[in-house]
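Here the structure comes first, spelled out in structure tokens, and everything after it is commentary.
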Amino acid sequence: MGLRIQLFGTFQLWRDGELLPPQAWKRRKTQTLLKILLLERGQTFTQDQLVEWLFPDAHPFKALQNLHGRISELRKLLESDLMKGTDSMFILSPSKGHYQFNPQIECKIDTEIFQTKFKQGNTYLDEQDLIKASKYFQQAIDVYQGDYLQEDRYEDWAIFHHQQWQQRYLDALIKLAECQMAQSQYQQAIALIDRGMKIDVSREQLYRTLMQCYAHLGELGEVGKVYQRCVQVLQDELQVQPARQTEQLYQQLLDGDTKLKSVAVLPFLQLSTRQEHTYFSDGLTDDVISQLSKISDLKVISRTSVMRYKNTTKSIKTIGQELGVNTVLEGSVRIHENQVRIVAQLIDATTDNHLWTDTYDRDMTDIFSIQSDVAQQIGVALKATVSSSERQRIERKPTDSLEAYQLYLKGRYLWNKRHKDELLKAVGFFEQAIEQDEKYALAYTGLADTFMILGWFDFAPSVEMFPKALQSAQRALELDDSLAEAYAALGYVTMNHCWDWINAERAFQRALELNPNYATGHHWYGEYFSITGQHDKAIAELKQALELDPLSLVINTVLAWKLCYAGRLDEAFEQCQKTLELDARFGPALTVLGLIYERRGQYDKAIEHFQAEMEIMGKTIPNLTSIGYTYAVSGQHKQAYRILDELKKTDQKKVSPYHIGSVYSGLGEIDQAFEWFEQAYDQHQWVLIYLKNAHRISPLRKDPRYNDLLGRMGLVD
């Protein structure tokens, strides 16, 4: 006979898989008796204790009779075929006048499951395995379906346990939040702390964790607000001041101590006489960043931002301030025949002191051990916790072929340029690397990334590129399932091409578990949330990406775009201004400004910004679509039809029917719009995934064809 018992939230009991209905409990006291015996499974209660709680006002003799009756009734309820009480498997009487719920018998009780998961989380936390610790803390939290015995919370026998379980739940929330914070998942940690404060606003540890999250995000103003709220709440609720630990942490955060475990790797200087070795120095920079990013206890700035400092004359202190880090790694590389000399030094950006330095004179075949050593030495210098699984990933050698590695570096060097011709050449280098080592997983990841960019920017037909990207990402993971970049690529193509939202999210989550410092992973996961209509989560992920890659023009612009999608137009406008401060001629930022003006109904300004973007980027299909749509909604129908004619006359391999449908939507020609959207669906055009949230589709949303189309794409809530 199997029992499953729920004590969190409303009490429920399942016997042999069937839920006992309320009428099965003939007397409420019988159910209360079971709850008391389950306060601590195996604890022995005396008759006097049970009588005092269950029948405090009855005559002692009558009370004892009632207790024996409830015990008998409970035993028969739990075991319908029970012949006599002494044979009960569940309710034992270890000695006369004493009762307990059998501590040995197997049954599922949610409080015990919670406790087991929580202990497993602590075990992995002690081992510094943050990924597994997070998994078990989350499972414990998921078990908690509401306050412990919430219908009995004010009973004398339950009140202590109610408070105790509430605090245990808070402990799990805090531990998970701290794990996420250690993995640079600050926005997720903040969301957990907010949940905790709804339960116990006076729990001081919640404020400490929240202050740390905001400090890591560089939002010192929020740190001050959290501290002041803590002071006020403790005074109002408990008439006490914050603990010394809280005051000290607050002061440390204001002094910038949270940035100690943060690092930016500046581009390695290339000292070789042969200029073609530039690809190697840039590749070395990328690889060191990649290795460091595997340490979840570090915040590591992404490549896009640090490459802006190549050949810079700025001071280390200035760079640290601009990137929000306290340490900077700089170095140089010199190649002579088959020998390499690498000099690396870690510098405190606030004091200019050298924290660690080393010189490596090695054979080129030792390049991977050098990268591994640099990453681990920096971890030691910054007192970062490195788990055993992280150390294994850092020390793993990606290939035994030096030639394959050099071909891979050449491919990545060209891939980072993001131009069509260079991307096509990159494909060649990645394929050559695979010819040298057919088990070189990173080369397949490079192919996946390149095919995706070619398809996304319409440099090549997406219906051809995305399947190749999918195949390459899957092959990379068959060879090495610890590659965060491969999981992110898999998630991106699964989202854009397969429209498989469940597996796309799983891939993104796995990518960020393996590398919480992967800004592109956070960026693409943010895209996922935006496409599926989860705007707050999208913005949180993109802010996380921006924290790791603060000078990325793309991420800065995408954040503004998603703020616009969410209807937060003032914030979107401000974010566009920040982007244009980095580069006043960055066309996509001008496009987003145009979108903001368009949504505000300032159509002349919108067209002005779309045309400004065209002057910089040239005439593109998305740009023409924006101008045509704005003409349409502003009543300039003649100009809108002129744009439609131009789109229709353009090579149809380059124009998605989605763009034409968008202009028809602006004109209010609903049937025509759906006709073109159906063509986009039939062609499996990836851009159609934005149909759910694009404001330009608003006139179509009341039409049943809209939800039907979304349903076929798996995008209906």
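The values are calculated or read from the model by the stated rules, or taken from the named source; none is laboratory data. Every value quoted in this text rests on a predicted model; they were computed, and no experiment measured them. Cβ sites come from the backbone with ideal geometry, for glycine too, and all protein chains shown count toward neighbours. Quick note on the areas: whole protein, heavy atoms, side chains included, nothing else; ligands and nucleic acids left out. Shrake-Rupley method; radii C 1.70, N 1.55, O 1.52, S 1.80 Å.
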Quantify, in whole percent, the carbon and sulfur part of the accessible surface of the stretch 486-582 (1.4 Å probe; protein heavy atoms only).
49
Expressed as a whole number of Å, what is the distance separating the alpha-carbon centroids of the stretch 406-469 and the stretch 288-358?
27
What ranking, highest mean first, results for peptides 307-318, 562-573, 61-72 when packing means the other Cβ atoms within 10 Å averaged over each residue?
562-573, 61-72, 307-318
In nm, what is the difference between 0.36 nm times the number of residues separating Asp400 and Ser80 and their Cα-Cα distance?
108.5 nm
Given a 1.4 Å probe and the protein chains all in place, what does the accessible area of Glu222 round to, in Å² to the nearest 10?
60
Estimated FRET transfer efficiency when R0 is 25 angstrom, pair Ile159-Glu40 (beta carbons, to 0.05)
0.95
Report the full-extension gain for the segment Glu422 to Glu581: residue separation times 0.36 nm, less the Cα-Cα distance, to one decimal in nm.
54.4 nm
Which order do the peptides 15-23, 491-499, 295-303 take when ranked by the mean count of other beta-carbon atoms within 10 Å per residue, highest first?
295-303, 491-499, 15-23
Histogram of C-alpha separations across the stretch 595-714, 5 Å bin width, %
2, 12, 23, 25, 20, 13, 5, 1, 0
How big is the Kirkwood radius of the stretch 101-214, worked out from every pair of different alpha carbons and given in Å to one decimal?
14.9
Run the Debye formula on the Cα coordinates of the chain, all scatterers equal and no solvent, and tell me log10 I(q)/I(0) at q = 0.07, 0.08, 0.10 1/Å.
-0.63, -0.78, -1.07
Pairs of alpha carbons in the stretch 331-488 whose separation is greater than 18 Å (percent)
66
To the nearest µm²/s, what D does Stokes-Einstein give for the stretch 1-136 at 4 °C and 1.567 mPa s, using the Kirkwood radius over alpha carbon pairs as Rh?
78
Under the 7 Å Cα-to-Cβ spin-label approximation, Lys108 and Asp363 lie apart by a distance in nanometres of 5.8
Please report, in whole Å, how far the alpha carbons of the stretch 318-405 spread along each principal axis, starting with the longest.
40, 33, 20
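What is the extension gain from Glu615 to Asp708, computed as 0.36 nm multiplied by their sequence separation minus the C-alpha to C-alpha distance, in nm to one decimal?
29.6 nm
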Restricting attention to the stretch 271-373, which GluC sites (Glu not before Pro) occupy a DSSP loop and are surrounded by at most 15 other Cβ atoms within 10 Å?
Glu337
Net charge around Ile109, counting only other residues with Cβ within less than 14 Å of its Cβ (Lys, Arg = +1; Asp, Glu = -1)?
+2
Mind grabbing the accessible area of Ser293 for me, 1.4 Å probe, Å², rounded to tens?
10
Estimated FRET transfer efficiency when R0 is 30 angstrom, pair Glu222-Thr351 (beta carbons, to 0.05)
0.70
For the pair Lys96 and Gln167, the simple spin-label estimate (label points 7 Å beyond Cα toward Cβ) gives in nm 3.9
Hey, any idea what Rg/Rh is for the stretch 453-532, computing Rh the Kirkwood way over Cα pairs?
0.95
Sorted by accessible area (1.4 Å probe), largest first, how do Trp415, Trp157 line up?
Trp415, Trp157
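Of all DSSP beta bridges located in the chain, what percent are antiparallel, nearest 5?
The antiparallel proportion sits near 75 percent.
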Percentage of interatomic Cα-Cα distances in the stretch 237-394 larger than 29 Å
24
Computed over the Cα atoms of the stretch 25-97, what is the convex hull's projected area averaged over all directions, in nm²?
4.8
Please work out the ratio of the alpha-carbon Rg of the stretch 61-137 to 2.2 N^0.38 Å and round it to two decimals.
1.67
With contacts defined as alpha carbon pairs under 8 Å and 6 or more residues apart, what's the relative contact order of the chain in percent?
7
Just for the Cα atoms in the stretch 481-611, what are the lengths along the principal axes, largest first, rounded to whole Å?
50, 28, 23
The alpha-carbon center of the stretch 150-210 and that of the stretch 491-539 are separated, in whole Å, by 27
Treating each Cα of the stretch 128-186 as an identical point scatterer and ignoring solvent, apply the Debye formula and state log10 I(q)/I(0) at q = 0.20 Å⁻¹.
-0.73
Report the accessible area of Ser88, computed with a 1.4 Å probe over the heavy atoms of all protein chains in place, in Å² rounded to the nearest 10.
10
P(r) of the stretch 546-604 over all Cα-Cα pairs, 5 Å bins starting at 0, rounded to whole percent, reads 4, 23, 32, 23, 13, 3, 1, 0
How much accessible area per residue does the chain have, in Å², with a 1.4 Å probe?
45
Using a 10 Å cut-off on Cβ atoms, rank the peptides 26-37, 658-669 from the highest mean neighbour count down.
658-669, 26-37
How many nm is it between the label spots at Asp194 and Gln115, if each spot is 7 Å from the Cα in line with the beta carbon?
3.3
Projected onto the charge dipole of the chain (+1 at Lys/Arg Cβ, -1 at Asp/Glu Cβ, origin at the Cα centre), which of Ser462, Val663, Tyr148 gives the Cα projection farthest towards the positive end?
Tyr148
How do Glu435, Glu541, Glu395, Glu155 stack up against each other in accessible area, from largest to smallest, with a 1.4 angstrom probe?
Glu435, Glu395, Glu155, Glu541
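Counting only helical runs of four or more DSSP H residues, what would the 222 nm mean residue ellipticity of the chain come to if each run contributes -39,500 (n - 2.57) and the total is spread over all its residues?
-19500 deg cm²/dmol
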Pairs of lysine in the stretch 1-146 with Cα under 14 Å and at least 8 positions apart or on different chains: total?
7
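Please report, in debye to the nearest 20, how large the charge dipole of the chain is about its Cα centre when each Lys and Arg carries +1 at its beta carbon and each Asp and Glu carries -1 there.
Details: 80 positive and 95 negative charges, 216 e Å.
Around 1040 debye, computed over the chain.
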Using the Cα atoms of the stretch 400-445 to build a convex hull, what is its mean projected area in square nanometres?
2.6
